[in-house]
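Notes follow once the structure below has been shown.
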Amino acid sequence: MAAPPIFRSSFLSSQPLSHTPSAHRPTPYAPLLIRATATSSDPPAASAAAAPIKHRRPADENIRDEARRHTSSHNFSAKYVPFNADADSTESYSLDEIVYRSRSGGLLDVQHDMEALKKFDGEYWRSLFDSRVGKTTWPYGSGVWSKKEWVLPEIDGDDIVSAFEGNSNLFWAERFGKQFLGMSDLWVKHCGISHTGSFKDLGMTVLVSQVNRLRKMNRPLVGVGCASTGDTSAALSAYCASAGIPSIVFLPANRISMAQLVQPIANGAFVLSIDTDFDGCMQLIREVTAELPIYLANSLNSLRLEGQKTAAIEILQQFDWQVPDWVIVPGGNLGNIYAFYKGFHMCKELGLVDRIPRLVCAQAANANPLYLHYKSGWKDFKAVKAGTTFASAIQIGDPVSIDRAVYALQNSNGIVEEATEEELMDAMAQADSTGMFICPHTGVALTALFKLRNSGIIAPTDRTVVVSTAHGLKFTQSKVDYHSKEIKDMACRFANPPVQVKADFGSVMDVLKQYLLSKDSKLH
Ligand SMILES: Cc1ncc(COP(=O)(O)O)c(C=O)c1O
Ligand SMILES: N[C@@H](CCOP(=O)(O)O)C(=O)O
């Protein structure tokens, strides 16, 4: 069979897809590739000189209009099915239905038509996803929507609400790895360097886009609501504001940071500060969304995880499709650990990689129901009353996605670790001292790494990725407390408080000389 032509798109990229499709592939219809002129005679990855001249779109056209001209048909699809259902289960729901639970009250999962996706080989998908990185093409400029065929294949580009989220930095933690862990291949996936400062943007673009579609279909949805420890509410309110959809957020009073609280306020959400903890808020939003035309935006809603799973695909892509040995994720409501598993697993099933990494879920010791469950040998799960933790976004005692998390860990030879308050704050300070500015939840994940390195489970040369879930700037008060040594019963070993000094030259010189001597023995 003659190799199908390589499609070149002047609007997608100046670089064509450079791979030669497999000889075994059925004649493809180039899913969502642009129906541009086939230029099979051109060499792949042609030089800049040979690249086609790109014309700017007409002045009266925006990037959505431009995308509309280029859409193509395909037959990928997805539906809701009961999570981890028996093979003979026939229960399923259209994604256009408003449903969060299976008939038996269990969780749902978004199931893709894998047979349709498998008509294209791993090389095809790798090349397609790679061709979309770093562009402003609607909607593929988003790290989530660059994987649209695997996320919400049927949504119209016009309905998508995106801030071009994703494509976050995979940071080589050279100094931290070397100095504190003797590791040479340690990476931090900065999912918190994002539109609203946390990984929640990845899931929220999907959920709000689907709500946008449902509202256009005249489904009775007046608004979207969530319970939140601060990050879900920030993402929900921003995406809803961008689409002009009302958002309602239930926050546990006095339990989230000021920076997180001000986000939904600024974005015009209807904010309820409720005198309970996150688990109490979660219970309330579930009851309310069952009664009122408010769509539930928490990760109980499996749509969210379709966006979040793209962070896993992105990690593989950033390593040029090589698989890391370990990925460590902080866990609270436990949707994200499953999302990572799902992203990695899809890449394996569709032939992009040949294995998946081992997953580690890290919890704060003050809110550790998954850790206790793991330690009991996965015997019956008990929710806990979550205690106060600096990792306030994971102060959750009754995680809705417990079954998903257990599944992900059992199927990835996974491990669960925990971090005390002192451990997580020290780890955060150590990371910051090497040039990062991480959140306490990432401190929890780094503590897990310290423990697994110290016990020899993670080897010095293992390629390890720590997922940083939120931006440190959302949690400055915890850093202020730590560096002021104002935390009861905590040594704050890595505190770096400012030095108070009189406003005269002699005093300034004295403290500077003392400092320089402590840094450089040659000055002694
Ligand atoms: C910053 C941050 N890290 C980690 C988590 C945990 O994610 P998940 O609830 O999906 O386990 C959350 C939210 O729960 C969060 O906001
Ligand atoms: N940390 C979360 C808690 C809720 O998690 P979700 O993924 O179920 O929405 C938050 O920021 O609210």
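The values are calculated or read from the model by the stated rules, or taken from the named source; none is laboratory data. Keep in mind the model is a prediction, meaning the values are calculated, not measured. No Cβ is skipped: glycine too gets one built from the backbone with ideal geometry, and neighbour counts run over all protein chains shown. Keep in mind that these areas ignore ligands, DNA and RNA; they rest on the heavy atoms of the full protein, side chains included. Shrake-Rupley method; radii C 1.70, N 1.55, O 1.52, S 1.80 Å.
Being open to solvent by 10 Å² or more (accessible area, probe 1.4 Å), within 11 Å of ligand 2 (Cβ to nearest atom) and charged (D, E, K, R) holds for only one residue in Arg219, Arg255, and it is Arg255. For the stretch 366-381, the candidate set comprises residues that are aliphatic (A, V, I, L, M) and surrounded by 24 or more Cβ atoms within 10 Å (Cβ to Cβ); within that set, the residue that is farthest from ligand 2 (Cβ to nearest atom) is Leu370.
Taking the conditions exactly as written (touching a strand residue (DSSP E or B) at 6+ places or on another chain (Cβ under 7 Å), within 16 Å of ligand 2 (Cβ to nearest atom), of a type outside the set (Ser, Thr, Tyr) and open to solvent by 10 Å² or more (accessible area, probe 1.4 Å)), does Phe171 satisfy them or not? Before the answer, list the steps.
Numbers: touching a strand residue (DSSP E or B) at 6+ places or on another chain (Cβ under 7 Å): yes; within 16 Å of ligand 2 (Cβ to nearest atom): no; of a type outside the set (Ser, Thr, Tyr): yes; open to solvent by 10 Å² or more (accessible area, probe 1.4 Å): yes.
No, not satisfied.
I'm trying to understand the selection: among the residues of the stretch 292-317, which are part of a helix (DSSP H, G or I) and within 16 Å of ligand 1 (Cβ to nearest atom)? Show your work before the answer.
Filtering the stretch 292-317 for residues part of a helix (DSSP H, G or I) gives 303-308, 310-317.
Matches in the stretch 292-317: Leu303, Arg304, Leu305, Glu306, Gly307, Gln308, Thr310, Ala311, Ala312.
Go over the candidates Thr469, Thr461 one by one and state the one that is hydroxyl-bearing (Ser, Thr, Tyr) and either surrounded by 13 or more Cβ atoms within 10 Å (Cβ to Cβ) or more than 32 Å from the chain's Cα centre (by Cα) (or both). Explain how you work it out, then say what you get.
Numbers: Thr461 fails: either surrounded by 13 or more Cβ atoms within 10 Å (Cβ to Cβ) or more than 32 Å from the chain's Cα centre (by Cα) (or both).
Matching residue, one of Thr469, Thr461: Thr469.
Among the residues making up the stretch 186-207, those that are within 13 Å of ligand 2 (Cβ to nearest atom) and outside any loop (DSSP other than H, G, I, E, B) are Ser198, Lys200, Asp201, Leu202, Gly203, Met204, Val206, Leu207. Restricting attention to the stretch 351-365, the residues that are farther than 19 Å from Leu449 by Cβ and open to solvent by 10 Å² or more (accessible area, probe 1.4 Å) add up to 4.
For every residue, the table says whether it meets (1) part of a loop (DSSP other than H, G, I, E, B); (2) open to solvent by less than 10 Å² (accessible area, probe 1.4 Å); (3) modelled with pLDDT of 95 or more.
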site: Ala383; (1), (2), (3): yes, no, yes
site: Gly387; (1), (2), (3): yes, no, yes
site: Arg404; (1), (2), (3): no, yes, yes
site: Glu422; (1), (2), (3): no, no, yes
site: Ala427; (1), (2), (3): no, yes, yes
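The test for being open to solvent by less than 40 Å² (accessible area, probe 1.4 Å), closer than 25 Å to Glu418 by Cβ and either away from ligand 2 (no atom under 15 Å from the Cβ) or of a type in the set (Gly, Ala, Ser) (or both) does not hold for Gly307.
Within the stretch 223-251, the only residue that satisfies the criterion of being of a type in the set (Phe, Trp, Tyr) and either away from ligand 2 (no atom under 14 Å from the Cβ) or open to solvent by 10 Å² or more (accessible area, probe 1.4 Å) (or both) is Phe250. Beta carbons closer than 9 Å, at least 6 apart along the sequence or on distinct chains, pair a first residue in the stretch 52-66 that is over 9 Å from Trp138 (Cβ atoms) and at pLDDT below 85 with a second that is basic (Lys, Arg) and surrounded by 12 or more Cβ atoms within 10 Å (Cβ to Cβ) for Pro52/Arg8. Against the list (1) in a helix (DSSP H, G or I); (2) of a type in the set (S, T, N, Q); (3) within 24 Å of Ala419 (Cα to Cα); (4) open to solvent by 40 Å² or more (accessible area, probe 1.4 Å), the condition Asn336 fails is (4). Of all residues in the stretch 259-268, none are more than 12 Å from ligand 1 (Cβ to nearest atom), open to solvent by less than 30 Å² (accessible area, probe 1.4 Å), small (Gly, Ala, Ser) and in a loop (DSSP other than H, G, I, E, B).
If the condition is being touching a helix residue (DSSP H, G or I) at 6+ places or on another chain (Cβ under 6 Å) and part of a helix (DSSP H, G or I), then the stretch 464-494 contributes Lys474, Phe475, Ser478, Tyr482.
Can you tell me which residues in the stretch 472-497 are on the phi < 0 side of the Ramachandran plot, in contact (Cβ under 8 Å) with a residue 12 or more places away in the chain and either surrounded by fewer than 16 Cβ atoms within 10 Å (Cβ to Cβ) or of a type in the set (Ser, Thr, Tyr) (or both)? Passing the criteria: Leu473, Thr476, Gln477, Ser478, Tyr482, Ser484, Ala491, Arg493, Asn496, Pro497.
Here Asp320 meets the list (1) assigned to a helix (DSSP H, G or I); (2) away from ligand 1 (no atom under 16 Å from the Cβ); (3) surrounded by fewer than 19 Cβ atoms within 10 Å (Cβ to Cβ) almost entirely, failing just condition (1). Restricting attention to the stretch 63-99, the residues being open to solvent by 50 Å² or more (accessible area, probe 1.4 Å) and among the acidic types (Asp, Glu) number 3.
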